[in-house]
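The structure appears right after this line, and notes come after that.
The values are calculated or read from the model by the stated rules, or taken from the named source; none is laboratory data. Fair warning: this is a prediction, and the values are worked out from it, not measured in the lab. Here Cβ is always computed from backbone atoms with ideal geometry, including for glycine, and neighbour counts include all displayed protein chains. Only protein heavy atoms, including side chains, enter the accessible area calculation; ligands, DNA and RNA are left aside. Shrake-Rupley method; radii C 1.70, N 1.55, O 1.52, S 1.80 Å.
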Amino acid sequence: GGDIADFELMVQQLYKQQSLGLSEGCLRALVHNYGTEAGALLALATKDKTLAVTLGDTQVLKVEIKYAVEHEMAFELADVVFRRTDLATGSSPGAPVLADCAEYTAAMLNWDESKKQAQLDAVKQRFPSWIS
């Protein structure tokens, strides 16, 4: 997805074409992380508007979790949080955001409550206690 002749132009084109009301910052993050595949994520979110929601105050969209699980082999919550999205870039996104991410990931991967909680606990342990 890195074959982009003009990054800014691509962001502006997606911004004008999308009907989801996403911010330019959100679209910029999508293009930065997914390159030419950003349009595919927007198409998924356009089909299911519940995926066009950011997690908390982050720029990460729910569609990115779906994409991580379905296309990038994310099998653990840590895969989603630390490697497939920008959720934990620089710091913890906070307990509510992690809980929302765990809830959606668990639903996609058919985890029971104990597995979901174990996954969430493992992710939270990777952050210093004063920022979780």
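Ordering TYR104, TYR34 by accessible area with a probe of 1.4 Å, largest first, what comes out?
Highest to lowest solvent-accessible surface, that is TYR104, TYR34.
With every protein chain left in place, what is the accessible area per residue of the chain in square angstrom, probe 1.4 Å?
54 Å²
Pairs LYS16/LYS124; LYS16/LYS116; LYS47/LYS124; LYS49/LYS115: which exceed 30 Å Cα-Cα?
Pairs exceeding the cut-off: LYS16/LYS124; LYS16/LYS116; LYS47/LYS124.
Given axes a ≥ b ≥ c from the Cα gyration tensor, I'd like to know whether region 68-132 is rounded (a/c under 1.5), prolate (a/b larger than b/c) or oblate.
Oblate is the answer for region 68-132, as a/c is 1.5 or above yet b/c matches or exceeds a/b.
Please give the length that would be gained between ARG83 and SER114 if that part of the chain were fully extended, namely 0.36 nm times their separation in residues minus their C-alpha to C-alpha distance (nm, one decimal).
In short, 8.9 nm is gained.
Specify the angular offset, from 0 to 90 degrees and rounded to the nearest 10, of the alpha carbon long axis of helix 38-47 from the longest principal axis of the alpha carbons in the chain.
Roughly 80 degrees, rounded to the nearest 10.
Which whole-number percent gives the relative contact order of the chain, counting Cα pairs below 8 Å spaced six or more residues apart?
Answer for the chain is 18 percent.
Residue by residue through region 76-89, what is 3J(HN,Hα) from phi via Karplus (6.51 cos²θ - 1.76 cosθ + 1.60, θ = phi - 60°)? Round to whole Hz and write x for glycine and proline.
Residue by residue, region 76-89 yields 10, 4, 4, 4, 5, 6, 9, 10, 9, 9, 8, 4, 10, 5 Hz.
Provide the solvent-accessible area of HIS71, counting protein heavy atoms only and rolling a 1.4 Å probe, rounded to the nearest 10 Å².
110 Å²
Using a 1.4 Å probe on the protein heavy atoms, what percent of the accessible area of region 62-127 belongs to carbon and sulfur?
C and S atoms contribute 48 percent here.
Mind running the shape call on region 24-70? Use the C-alpha gyration tensor, a ≥ b ≥ c as the square roots of the eigenvalues: rounded below 1.5 for a/c, prolate if a/b tops b/c, oblate otherwise.
Judged from the Cα gyration tensor, region 24-70 comes out rounded (a/c under 1.5).
Nearest 10 degrees, 0 to 90: what angle lies between the long axis of helix 7-17 and the longest principal axis of the chain (Cα atoms)?
So the inclination is approximately 90 degrees.
Counting each DSSP H run of 4 or more residues in the chain as -39500 (n - 2.57), what helix-only mean residue ellipticity at 222 nm follows after dividing by all residues, to the nearest 500 deg cm²/dmol?
Theoretical 222 nm ellipticity from helices: -16000 deg cm²/dmol.
Compute the angle between helix 113-124 and the longest alpha-carbon principal axis of the chain, please, reported from 0 to 90 degrees and rounded to the nearest 10.
Helix 113-124 sits roughly 70 degrees off the main axis of the chain.
Determine, for each peptide in 38-49, 11-22, the mean count of other beta carbons within 10 angstrom over its residues, then list the peptides with the highest first.
Ranking the peptides 38-49, 11-22 by packing returns 38-49, 11-22.
Note down the Stokes-Einstein diffusion coefficient of the chain in µm²/s, whole number, using a Kirkwood radius over alpha carbon pairs, 20 °C, and 1.002 mPa s.
Rounded to a whole number, D works out at 141 µm²/s.
By its C-alpha gyration tensor, with a ≥ b ≥ c as the square roots of the eigenvalues, how is region 1-53 shaped: rounded for a/c under 1.5, else prolate for a/b larger than b/c, else oblate?
prolate
Say each of ASP3 and ASP48 gets a label point 7 Å from the Cα, pointing the same way as Cα to Cβ; how far apart are those two points in nm?
2.9 nm
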